[in-house]
Each structure stands twice: as C-alpha cells, then as structure tokens.
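This report refers to the structure that appears directly beneath it.
The values are calculated or read from the model by the stated rules, or taken from the named source; none is laboratory data. Please read all numbers here as calculations on a predicted model, not as lab measurements. Note: ideal-geometry Cβ built from the backbone for every residue, glycine included; neighbour counts use all protein chains shown.
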Amino acid sequence: MKVLVIGSGAREHALVRALAADPAVDAVVAAPGNPGIDAIALCRELPAGPEDGAGIAALAQEVGADLVVIGPEAPLVAGAADAVRAAGIDCFGPTAEAARLEGSKAFAKEVMAAADVPTSLSRVCTSLDQVADALDAFGAPHVVKDDGLAGGKGVVVTDERARALAHAAHCLAGPGSTVVVEEFLDGPEVSLFCLTDGTTVVPLAPAQDFKRVGDGDEGPNTGGMGAYSPLDWVPEGLTQHVVDRIAQPTIDEMRRRGTPFAGVLYVGLAITARGPQVVEFNARFGDPETQVVLARLLTPLGVVLQATARGALAEVPPLRWREQHAVTVVVAAKGYPQSPRTGGRIHGLDEVGDDAYVLHAGTARAKDGAIVSAGGRVLSVVALGDDLEQARHRAYAAVDRIELDGSHHRTDIALAAQRGEVAVAG
Ligand code: GLY
C-alpha cells in the first residue's frame, strides 16, 4: 500500500515513521512534510496549501496513493477528506460536516448534549453582554473559547474577568462570530484518541499533554510542550468508561444525524470529582501526544488506518502495545509562543544517541543544507524507557545534546507522574 500523509509537524513525522515501519506499506509520501520526514519519505509540495482539497486529491492520484492520512484540522474542516474520497481514494479523516466536532465548539456541545455525554456547563454567546452574564454565572476560573478554529489561540482560561472579556471581544470582532463560555473543569487532563469508522470505536492508549509554556504550568498556552504515555495514575477502567460514556455515544449520535464521523476522535478530558468530563473534541490526532502514543504502538499502523478508512475497524485484531513508557519533550524557538524566532541553526541532531529520536516540526533546510528553525515548536524529542524515570532521563539527555540558540523547553514533562504526585479527586 502507498500512503500520502498531509501535514508538516512532529505529529506527521511520527505518523510517517510508524507507517514506514509497517510491512504492508510499500511507500510513504508526505505533503508538504519537513526535513525530518524527508529523510524517510518522499516530500511533495502542495502549491495551494494544505487546505486545498482538490490539490490533495490530485496529488494522491498522481502518486498512486491507496490511502491518504490527513494530519491537521484545517484541511479536514475545509473538506479535504471529502475531496479525496470523491476521487475514489481511501482517506483517514472525517468529512467537513463531521469535522465540525472540532470546527465549532458550540456544535460539539450540542452533540454532547444530544448524546448525554458528560461535559462542563456552557453558554453560546454572540454579544459581550451575554459573555459578561455567563462569566458571572460560572465564576472563576473563566473559560472563553472562540467557536471556530483559531490555530491553538482560541481558548483562554483565566482568573481575570477583564482578560476573559477582552478575549471574548477579540473573538467577537468578526461578523457572525460566536464564543462559548464554559464552567471550569478541575482535574488532571487526559487525551484519549479513539479510532472510529463511524460505527466501531477502538481507543488508543491515553496520554497527557503539557499545554503551558513554562515549568509548573506557568505562562501562556502553547500547542503543547511535551507528553507521556501510559498514565499509571488514571482510575482503573478509565479507557473503557470513556468509550462507553463518551466516544461511542458521540459516534452513534453523529451517525444518527446522517453525518457519520470516521477517523480519530480526540477526546480531551478532565478527570474531575464528578468523573471524566469532556473538555474538547478534536477531529484529528493530537500533537505532541501522538508522538508518545505511536512510540508504544506495536500493531502496524497502516493496516489499522486503512481499516478505519474502509469501515472495517471491527475486523482489526486487538491493538498491541509496548509495556514501556514514552516521553516526548518539545524544543521551542526563542520567543515562542508570542513571537518565535526563525532561521536559527540547529546542531547536535545526529548526536542524540540510540536511546531517543528526534521528530521535526518547525524546521527547514537552508541553502547550504543546514537544518534551521522555521516555526515555534521546532522539534519533539522522544524516548522510551522501562519506567517514566528512564524515559525522562533518556529524552532529556537527548534534548541536552541539541543546540539552538535561545531555544527553550520544559524540564518537568511527566515529572509529577514519575513522583506519583498526580492527584485525582474522589
Ligand atoms: N495537544 C493538543 C492538541 O493537539 O490540540
């Protein structure tokens, strides 16, 4: 099978790496890819960008792809998977209609209500007066979400009412804009990716992401600064509970509406005193959680994604996992997330040793062949270990060998879990 992967981040590098290791996959093409992906797969341009469904479908036909895997949310919400399927090619990723589970927070809340899925109280607001009322009703910490896709900048969680109002005002500035104000969910967060062909749901291993830029969860939100899996601290039976109470009812509700969701439903959860509650749905794999989840997956990925795309997930044998723990640490550019500096030379990529590997995200190749920074999150360094302590040690030893002037990373990825300090209420 030949697979075309759309995207250019470390998530896509992890997907390409896992697909290339599948004996059933003869070749992997990535578009646009990145210099790390280029070392293991053919990279092709997408002249009109990754949201151009017709361009993706044309490229898939040109390279003879049997399966297209769409990594980021924007092409999915723009209908890229529809365009690929219309060209008669299997596609891993939901239709534009189904991707509204990520593309509109208000729509996701509506589906959750219809499916009786546990989530926070919320109000959909189209004016600042409505926002002010909702902030007062729910109290601090305030949670204000742009209804639509905002490239990771749509959610603000703050104790400061003025900041919550300012964010809402910013989101509401465009015509026809909507924000969702939510009750804050208190408890450690878990990301659970559920593969689904629209009927059957198969969960992957849970992971935890670190969204704030600084140690101790200080500073602004980012796209994710690190992750680890498995989560030894989650209540027993959590994964099955989330499938039974959240993922399966959501997938059943989407099918009932005539807009079946097939691909990966990313269930973002808070483990609260009232049990697991949905913080958000996404219509794609998470980044950087995918880097650790796929590091542990033993089952060849291509066959599973193809079965998902073909409506045959029920026929896939139970997934097999490494017992080991995986940790990824994101190396970010100076100034990230506010104003990342690009163009810095990266040294040491070949010196990380055999105990870790580097996935590229915001990198580019300079004219002289050197790898330089080209985005905010530059690299994801991944390591496996027999326990979290060993996986962390290996990941951080590799990070220490990489040089990028002014770069920064969190030093506490998976540390609380390693110390047994992640507390679940109740
Ligand atoms: N890890 C957060 C995200 O992928 O949205």
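Pairs meeting the criteria (first residue in region 163-179 and under 16 Å from Leu149 (Cβ atoms), second residue at pLDDT below 95 and surrounded by fewer than 17 Cβ atoms within 10 Å (Cβ to Cβ), beta carbons under 7 Å, at least 6 apart or on different chains) are Cys171/Ser177.
Residue count for region 313-322 satisfying the condition of being more than 26 Å from Lys211 (Cα to Cα) and either touching a Leu at 6+ places or on another chain (Cβ under 8 Å) or surrounded by 15 or more Cβ atoms within 10 Å (Cβ to Cβ) (or both): 4. Of the residues making up region 114-132, just one is part of a helix (DSSP H, G or I), surrounded by fewer than 20 Cβ atoms within 10 Å (Cβ to Cβ) and in contact with a strand residue (DSSP E or B) (Cβ under 8 Å, 6 or more places away or on another chain), namely Gln130. Within region 280-299, restricting attention to residues that are away from the ligand (no atom under 11 Å from the Cβ), in contact with a strand residue (DSSP E or B) (Cβ under 7 Å, 6 or more places away or on another chain) and not in a helix (DSSP H, G or I), the residue that is farthest from Phe210 (Cα to Cα) is Leu298. Residues of region 256-279 that are away from the ligand (no atom under 16 Å from the Cβ) and aliphatic (A, V, I, L, M): Ala262, Ile271, Ala273. Mind telling me which of the residues Val77, Val68, Val63 ends up being touching a helix residue (DSSP H, G or I) at 6+ places or on another chain (Cβ under 6 Å), more than 18 Å from Phe281 (Cβ to Cβ) and either among the hydrophobic types (A, V, I, L, M, F, W, C) or modelled with pLDDT of 95 or more (or both)? Matching residue, one of Val77, Val68, Val63: Val68. Restricting to region 234-256, give me the number of residues that are touching a residue at least 40 places away in the same chain (Cβ under 8 Å) and among the charged types (D, E, K, R). Within region 234-256, residues that are touching a residue at least 40 places away in the same chain (Cβ under 8 Å) and among the charged types (D, E, K, R) number 4. Can you confirm whether region 230-250 contains a residue that is surrounded by fewer than 23 Cβ atoms within 10 Å (Cβ to Cβ), within 16 Å of the ligand (Cβ to nearest atom) and among the polar types (S, T, N, Q)? So far as region 230-250 goes, no, none of its residues is surrounded by fewer than 23 Cβ atoms within 10 Å (Cβ to Cβ), within 16 Å of the ligand (Cβ to nearest atom) and among the polar types (S, T, N, Q).
Of everything listed in (1) among the acidic types (Asp, Glu); (2) over 22 Å from Ile413 (Cα atoms); (3) in contact with a Gly (Cβ under 6 Å, 6 or more places away or on another chain), the single unmet condition for Asp209 is (2).
Sort through Ala309, Ala295 and tell me the only one that's closer than 18 Å to Val69 by Cβ, small (Gly, Ala, Ser) and touching an Asp or Glu at 6+ places or on another chain (Cβ under 7 Å). None of the others qualify; the one that does is Ala309. Arg310 meets the conditions (1) buried (at least 24 other Cβ atoms within 10 Å of the Cβ); (2) closer than 29 Å to Glu97 by Cβ; (3) more than 15 Å from the ligand (Cβ to nearest atom) in every case but one. The failed one is (1). If you take just the strands (runs of 3 or more DSSP E) that sit entirely in region 137-192, which of them hold at least 3 residues that are of a type in the set (A, V, I, L, M)? Qualifying strands (runs of 3 or more DSSP E): 155-158, 179-182. Condition check for Glu315 on (1) free of Cβ contacts under 8 Å to residues at least 24 places away in the same chain; (2) within 25 Å of Gly385 (Cβ to Cβ): one failure, at (2).
The residues listed here are Pro188, Pro206; of these, the one that is surrounded by fewer than 19 Cβ atoms within 10 Å (Cβ to Cβ), within 16 Å of the ligand (Cβ to nearest atom) and modelled with pLDDT of 95 or more is Pro188.
Of the strands (runs of 3 or more DSSP E) contained entirely in region 1-98, those carrying at least 1 residues that are without any contact (Cβ under 8 Å) to a residue 60 or more places away in the chain and surrounded by fewer than 20 Cβ atoms within 10 Å (Cβ to Cβ) fall at 27-32. Considering region 147-168, and only residues there that are more than 18 Å from Glu218 (Cβ to Cβ) and at pLDDT 95 or above, the residue that is surrounded by the fewest Cβ atoms within 10 Å (Cβ to Cβ) turns out to be Ala162. Gly426 fulfils the conditions (1) at pLDDT below 95; (2) closer than 27 Å to Cys43 by Cβ except for a single criterion, (2). The lone criterion from (1) within 15 Å of the chain's Cα centre (by Cα); (2) surrounded by fewer than 17 Cβ atoms within 10 Å (Cβ to Cβ) left unmet by Ala283 is number (2). Does Ala169 satisfy being small (Gly, Ala, Ser), over 29 Å from Val124 (Cα atoms) and away from the ligand (no atom under 14 Å from the Cβ)? Judged against the criteria, Ala169 is not a match. Among the residues of region 209-229, those identified as within 14 Å of the ligand (Cβ to nearest atom), assigned to a strand (DSSP E or B) and farther than 30 Å from Ala137 by Cα are Gly226, Ala227, Tyr228, Ser229. Checked against (1) outside any helix (DSSP H, G or I); (2) within 20 Å of Gly7 (Cα to Cα); (3) not aliphatic (A, V, I, L, M), Gln306 passes all but condition (1). Within the option set Asp387, Asp412, being within 19 Å of Asp215 (Cα to Cα) and among the charged types (D, E, K, R) holds for one residue only, Asp412. Of everything listed in (1) at pLDDT 95 or above; (2) more than 16 Å from the ligand (Cβ to nearest atom), the single unmet condition for Gly9 is (2).
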